[in-house]
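Participant: One structure follows; several queries about it will come next.
What follows is calculated from the coordinates using simple rules that are stated; it is not laboratory data. Everything numeric here is computed off the predicted structure, so don't read it as measured data. Heads up, the Cβs are rebuilt from the backbone with ideal geometry, glycines too, and the neighbour counts pull from every protein chain shown.
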């Protein structure tokens, strides 16, 4: 079993189990969940039964697998509409994708990690990690660095402390000091780059999305590959990227989004 983690009572434990099922990314049997869970067998079974009864999980008696439930899907869709930048940004990222012909990412941040809330594929799609709904690292993605660069100092320090510092490629930033230095430069420049830091051959230019009072509420990136563009070549998209980010921020002014953590 894994090491127990701090939980906010019964609700917190139930959410941890939902996170576990979602993180596995496929239907999963009780025995596999038990190997990963900090809870005793009887406790885990009781939580799974309650989550299934409430429609948050679905159980297939034939395969004996648990998967995410329809009620959770409905809640996720409501959250996408109410707390995500995606509905506001949709027409703007559609236009940016059409103008550039490249992959467009829209992201927000939670606990130092990037949540991709929308994506438009390039005219000639690229194979890459990101897709809408996926969570990625903050310290080695363009959208992650763009968001952190424009956070208030206390929030930025907290976000930096939440990074894993796993070295995905030879270009991945190696620690907090290097990231903090780059974030200062990004704030001065207004844009940043992913220099093959998360995936070999994948590069991007990214910009923050700022709402009223210059509060960072997300980030936008134009992503390509090294066999299509150089980093210098991506600078040709800077004006369009910044204009799109500004338009989304203006459009979002009357929406209430969660604070970036």
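Participant: Pop a pseudo-label 7 angstrom from the Cα along the beta-carbon direction at both residue 32 and residue 110 and give the gap in nm to one decimal.
Facilitator: Inter-label distance under the simple model: 2.2 nm.
Participant: Using only the alpha-carbon atoms, what does the chain span along each of its principal axes? Please give whole angstrom values in decreasing order.
Facilitator: Result for the chain: principal-axis Cα extents of 58, 39, 38 Å.
Participant: Determine the gain in length on full extension of the stretch residue 236-residue 170; use 0.36 nm per residue of separation and subtract their C-alpha separation, reporting nm with one decimal.
Facilitator: Fully extending the segment from residue 236 to residue 170 adds 21.2 nm.
Participant: Show me the ranking of peptides 68-76, 144-152, 85-93, 156-164 by mean Cβ neighbours inside 10 Å, starting with the highest.
Facilitator: Final packing ranking: 144-152, 85-93, 156-164, 68-76.
Participant: What is the extension gain from residue 98 to residue 18, computed as 0.36 nm multiplied by their sequence separation minus the C-alpha to C-alpha distance, in nm to one decimal?
Facilitator: Result for the pair: 25.1 nm of gain on full extension.
Participant: Using 11 Å as the cut-off for backbone N distance, which residues of the stretch 49-69 belong to the label zone defined by a point 7 Å from the Cα of residue 10 along Cα→Cβ?
Facilitator: 50
Participant: Let me ask something else about it. Using the 10 angstrom Cβ neighbour count as an exposure proxy, how do 67, 174 rank, fewest first?
Facilitator: With the sparsest Cβ surroundings first, the list reads 174, 67.
Participant: Okay, next question. If you build the Cα gyration tensor of the stretch 9-74 and take the root of 5 times each eigenvalue, what three semi-axes come out, in whole angstrom, biggest first?
Facilitator: Ellipsoid half-lengths, sorted descending, are 16, 14, 11 Å.
Participant: Restricting things to alpha carbons, tell me how big the stretch 12-133 is in terms of Rg and Dmax, in Å.
Facilitator: 17.8, 56
Participant: Right, here's the next one. By how many nm would the segment from residue 121 to residue 214 lengthen if fully extended, with 0.36 nm per residue of separation less the alpha-carbon distance?
Facilitator: Additional length available on full extension: 30.6 nm.
Participant: Relative to the longest principal axis of the C-alpha atoms of the chain, give the angle of the C-alpha long axis of helix 176-189, reported between 0 and 90° and rounded to the nearest 10°.
Facilitator: 50 degrees
Participant: Consider a paramagnetic label point 7 Å from the Cα of residue 250 along Cα→Cβ; state which residues of the stretch 212-226 have an amide N under 14 Å from it.
Facilitator: Under 14 Å, as judged by backbone N against the label point of residue 250, lie 212 of the stretch 212-226.
Participant: To the nearest 10 degrees, how steep is helix 9-24 against the longest Cα principal axis of the chain, on a 0 to 90 scale?
Facilitator: Helix 9-24 sits roughly 70 degrees off the main axis of the chain.
Participant: P(r) for the stretch 120-261, please, calculated from all Cα pair distances in 5 Å bins and given in %.
Facilitator: All Cα pairs, binned at 5 Å, distribute as 2, 10, 19, 24, 22, 15, 7, 2, 0 percent.
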